[in-house]
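Accompanying notes for the structure given below.
The values are calculated or read from the model by the stated rules, or taken from the named source; none is laboratory data. No experiment lies behind these values; they were computed from the predicted model shown. With ideal geometry, Cβ positions are generated from the backbone for all residues, glycine too; neighbour counts draw on all protein chains shown.
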Amino acid sequence: MPEIGALLREGKGKRVYATDDPDLAIVYYKDEAMAFHGLKRGRILGKGEVNNAICEHLFTLLRENGVESHFVERIDPRHSLVRRCEMLPFAVNVRNRVAGKLYERTGLPVGMKLDPPVVEFVLKDTELESDPLVNHSHIYAMRAATPAEMDEIERVSLRVNEILTAYMKEINIELIDFKLEFGRFHGQVILADEISPDTARFWDSQTHEPLDIDRFRRDLGDVAEAYQEVLHRMMGAS
């Protein structure tokens, strides 16, 4: 494993470290869990290892289907080597069904299918209100991305949705919604961060039971088991 250097940043579920190569970083996946912007905290045993394996699996799937990301390789159960990106200050939510904050904002029935999918942009500044929505005009005013970059981000986000929706259907999971983050690497905007039960809503196709962080948010129990079940189905489909 490359030598771990200085801590670059730490989020809800990961730490990102520098390496001796300025183009590469190491991600460490934690067991800690957080919801409601830090108001609820806990620990999901083994979550870091599961999320690391899921990210390897999904980023590899995306690469095989023409979508490049920051992911290079999984080093060990909790560490992955990634391209060191300049992260953009906003995230992208892709929604296939009504759930969570979209229900709170609109009152549309939970589970209602969205066709076409809804694409949202939210600021990542934790000092502001909970995930404030922004549009293209806001992003341009902040000089956070160019029109060409926004076109690419939307194109990639919808392509990721197509690939993952089809794949999840094969393992009896419905992709309800998910968050993506992007960063610049040598001037090009690429997919970064993670795709895991921490950042997506995965529902069992038959029971509609959540297999993701919502089990922690809503005190549904069996959180670690749900994460393991997602990985188990993915490995069975490999």
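The table below lists the values:
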{"quantity": "Residue satisfying all of: in the range 198-234; of a type in the set (A, V, I, L, M), without any contact (Cβ under 8 Å) to a residue 60 or more places away in the chain and farther than 14 Å from LEU175 by Cβ; surrounded by the most Cβ atoms within 10 Å (Cβ to Cβ) among these", "calculated": "ALA226"}
{"quantity": "Evaluation of GLU56 against (1) under 17 Å from the mean Cα position of the chain (by Cα); (2) closer than 30 Å to ASP222 by Cβ; (3) assigned to a strand (DSSP E or B); (4) not basic (Lys, Arg) (one fails), failing number", "calculated": "(3)"}
{"quantity": "Scan of the range 61-79 for residues that are within 15 Å of the chain's Cα centre (by Cα) and not in a loop (DSSP other than H, G, I, E, B), ordered by number", "calculated": "LEU61, LEU62, SER69, PHE71"}
{"quantity": "Residue in the range 45-67 that is at pLDDT 95 or above, among the hydrophobic types (A, V, I, L, M, F, W, C) and surrounded by fewer than 14 Cβ atoms within 10 Å (Cβ to Cβ) present", "calculated": "no"}
{"quantity": "Strands (runs of 3 or more DSSP E) (entirely within the range 164-233) containing at least 2 residues that are assigned by TED's automatic domain parsing to the domain that holds HIS70 and under 24 Å from GLU64 (Cα atoms)", "calculated": "none"}
{"quantity": "Single match in ASP131, ASP115, ASP76 (criterion: surrounded by 13 or more Cβ atoms within 10 Å (Cβ to Cβ) and either in the same structural domain as ALA53 (by TED's automatic domain parsing) or of a type in the set (Asp, Glu) (or both))", "calculated": "ASP131"}
{"quantity": "So LEU123, is it more than 24 Å from PHE216 (Cβ to Cβ) and not aromatic (Phe, Trp, Tyr)", "calculated": "no"}
